[in-house]
1. May I ask you to verify whether residue 273 is crowded, with 16+ Cβ neighbours inside 10 Å and out of contact with any strand residue (DSSP E or B) (no Cβ under 8 Å at 6 or more places or on another chain)?
2. It is to be established whether one or more residues within segment 334-342 are crowded, with 22+ Cβ neighbours inside 10 Å and over 26 Å from residue 97 (Cβ atoms).
3. Within segment 231-259, count every residue that is within 24 Å of the chain's Cα centre (by Cα) and part of a helix (DSSP H, G or I).
4. Take residue 306 and tell me if it is in a helix (DSSP H, G or I), over 30 Å from residue 99 (Cβ atoms) and touching a helix residue (DSSP H, G or I) at 6+ places or on another chain (Cβ under 7 Å).
5. Answer yes if at least one residue in segment 476-492 is touching a helix residue (DSSP H, G or I) at 6+ places or on another chain (Cβ under 7 Å) and over 30 Å from residue 344 (Cα atoms), and no otherwise.
6. Mind checking whether some residue in segment 356-366 is more than 28 Å from the chain's Cα centre (by Cα), outside the structural domain of residue 176 (by TED's automatic domain parsing), surrounded by fewer than 18 Cβ atoms within 10 Å (Cβ to Cβ) and outside any loop (DSSP other than H, G, I, E, B)?
7. Quick check on my filter: what residues within segment 497-516 are touching a helix residue (DSSP H, G or I) at 6+ places or on another chain (Cβ under 9 Å), farther than 16 Å from residue 479 by Cα and not in a strand (DSSP E or B)?
8. Within segment 203-217, which residues are assigned to a helix (DSSP H, G or I) and more than 23 Å from residue 161 (Cβ to Cβ)?
């Protein structure tokens, strides 16, 4: 029997059961307090469910399911969507297929709702599912759509939730200043709305971004402040996350006793709440400590238990972290073949998630593995990859710290300006000192003299450049040499501010994942660079071309009409298809799909991105290797009736109360 028929039957049975129990209650003089008698009662039940998300997630889900059953198929659409999105949030880290089913049901009801901000919550839920699946770029686009939808609806609560989601993801992807700006706005809105628990959760995410920026001590102070507030208010689920994040930062600072206490607290609370994902993160932390203390057998015991729990949750980054620690433990036990397999799979996961810090850790572990086998050339290659990523991270930390600092300075007095500058200098010097110490200790047996000299020379060079870093931010994509996302969208924003009518193209390489999976990431990188050269030719000023991330590029064409923009899009499509890539991929060629839209009066960046993204989805759904256009006047009807087709390499462009993140 089809699942939708079963679902409808179950709902009718639930509704009939409620009626029977109410009649029985009337006859016996018994009240059933858990059965909502009206839409008002269902709304009250959902309000209670939302307050329980951070205290007792299982109870929250039961209350949402109860409200949904009481409303039936013909109940209030707004309340049914609220209940479905609560369930989507709960299931997203437990059963992704079930979560997507609830999301699809909610989307089907969105045209009927009165509260337009519910579409923002739907985008948030879908973004969270993509993020947990390791699809960071797709998740970020969905969170941007959520922000735009909340702004259109003029709903501060939905906007705060969307900014929280987008800010956290931007921060962990290395866009520190943008992430902190979003999180700061979200915290201000949560304060204004009186949502103290969400203000505390946002503070936790700010601490995580500071940790990613290299300021571990500041992050630890934030986490400790957050712990006190959460313990006072009884937010047990948030405590699982904060204890884990505190454990990670103590692990990073090599404060093993403090890390051990934090991970044991994580484990105890997660088990009390039956929170499998939190328990798996706690076990991974204890395994990392066992590896650091030279006890790989104990580490593997923790990792076996964590892996069993992880299979039941949808979190690719967690799987990668478990594999990384497994590889380290297996190397210590001399099981080199198994260690290599685990580390390579961890590296693949981190590359897909575009997580530079974890990629660097995987390369470092592979270098140590090759060194233990006497494979010096391979070890050196892995160390080179580690150094390249580490240098890039440190440079980004310096650049983004100054960007974040400028945002704070613009809102402060001159005295605060000077204090922040001094703090930044101190933080940068501390980061450089840590890097110097790490360089002295790392893999002494492998060409120590050459590597140490290179690291020290690089550190001295970076220190000389600190004074000039405030005038220079990173604007270039490292792989392709094109302007990066921040740069090209800033140019588009400037054009919109000047009133320049512009066309926006999003260009996506078809079946790119298949190229990476079949031929390896070096082949995928070569294809990206070749496609970038085509874009560079079309992106000469006053046009602006750049890389959005992954296999997606963007092109802004000022002062063109639809016909002119389509002609450029067709040239790009044909030029990419004509590339001779036989030396890289056996097929010899790749194709592209292009989504195109033209700016209209009143458009902002979010509106243009949303339409271009929908056009790209249509190009994918209609066979790929084509150009599709979505005009501004088509957007409302497209939102009400999204395309039904799906494709293997693209999800349709589309979250309940945001959830704190279980990883620092």
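The values are calculated or read from the model by the stated rules, or taken from the named source; none is laboratory data. Please read all numbers here as calculations on a predicted model, not as lab measurements. Glycine also receives a Cβ, built like all others from the backbone with ideal geometry; neighbour counts cover every protein chain displayed.
1. Numbers: crowded, with 16+ Cβ neighbours inside 10 Å: yes; out of contact with any strand residue (DSSP E or B) (no Cβ under 8 Å at 6 or more places or on another chain): yes.
Here the answer is yes, as residue 273 does meet what is asked.
2. Of the residues in segment 334-342, the ones crowded, with 22+ Cβ neighbours inside 10 Å are 339, 342.
Next, only the ones that are over 26 Å from residue 97 (Cβ atoms) stay: 339, 342.
Yes; the residues of segment 334-342 include at least one that is crowded, with 22+ Cβ neighbours inside 10 Å and over 26 Å from residue 97 (Cβ atoms).
3. Let us first name the residues in segment 231-259 that are within 24 Å of the chain's Cα centre (by Cα), namely 235-252.
Subset that is part of a helix (DSSP H, G or I): 236-252.
Number of matching residues: 17.
4. On the way: in a helix (DSSP H, G or I): yes; over 30 Å from residue 99 (Cβ atoms): no; touching a helix residue (DSSP H, G or I) at 6+ places or on another chain (Cβ under 7 Å): yes.
No, not satisfied.
5. Yes, that holds for at least one residue.
6. So in segment 356-366, the residues more than 28 Å from the chain's Cα centre (by Cα) come out as none.
No, the conditions are met nowhere in segment 356-366.
7. Across segment 497-516, the qualifying residues are 500, 501, 510, 513, 515.
8. Let us first name the residues in segment 203-217 that are assigned to a helix (DSSP H, G or I), namely 203-212, 216-217.
Within segment 203-217, 216, 217 qualify.
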